[in-house]
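Peer 1: What follows is a single structure, and I will ask about it in a moment.
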Amino acid sequence: MKNASLDSRSGGLQTAESNALVNLRQALGERLAIIGDEESRRDEPNHIARLRAVSSKIDKLAAALPRPIDPRLAHYLQRRIYDKALEFLEQL
């Protein structure tokens, strides 16, 4: 059960796939938060560095998703339409 964790909402175990999707959803949300962070934008070099770091994290998480992934999600991730990818994941 190394790849499983307790899901407090359902009382059951989440699979590695579920964990990967949760991590991806969190990273996508983090990216949107950085984009909307007015204070962060005042320090442009740091803001750009934060965006690059979270974008790299998203790429790594997307590459690690168990295959096959939903074609719509794959499309959003390949085209970097991250707001749509997040919306898709929030509907699961």
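The values are calculated or read from the model by the stated rules, or taken from the named source; none is laboratory data. Given the structure is predicted, the values throughout are model-derived calculations rather than measurements. Neighbour counts are summed over all protein chains in view; Cβ atoms, including those assigned to glycine, are modelled from backbone coordinates with ideal geometry. All accessible areas refer to the heavy atoms of the entire protein, side chains included, with ligands and DNA or RNA removed. Shrake-Rupley method; radii C 1.70, N 1.55, O 1.52, S 1.80 Å.
Peer 1: So ASP7 clears everything in (1) farther than 17 Å from GLU87 by Cα; (2) at pLDDT 95 or above except one condition, right? Which one?
Peer 2: Result: ASP7 passes all but (2).
Peer 1: Same structure, new question: Tell me which of these ASP83 doesn't satisfy, since it passes every other one: (1) modelled with pLDDT under 95; (2) part of a helix (DSSP H, G or I); (3) open to solvent by 60 Å² or more (accessible area, probe 1.4 Å); (4) not polar (S, T, N, Q).
Peer 2: With respect to (1) modelled with pLDDT under 95; (2) part of a helix (DSSP H, G or I); (3) open to solvent by 60 Å² or more (accessible area, probe 1.4 Å); (4) not polar (S, T, N, Q), ASP83 is out only on (1).
Peer 1: Follow-up question, since we're still on this one. Going through the range 15-52 one residue at a time, which ones are in contact (Cβ under 8 Å) with a residue 24 or more places away in the chain and among the polar types (S, T, N, Q)?
Peer 2: The answer is ASN23, and nothing else.
Peer 1: Moving on to the next point. Among the residues of the range 54-79, which ones are free of Cβ contacts under 8 Å to residues at least 12 places away in the same chain, over 11 Å from the mean Cα position of the chain (by Cα) and open to solvent by 40 Å² or more (accessible area, probe 1.4 Å)?
Peer 2: ALA63, ARG67, PRO68, ILE69, PRO71, HIS75, GLN78, ARG79
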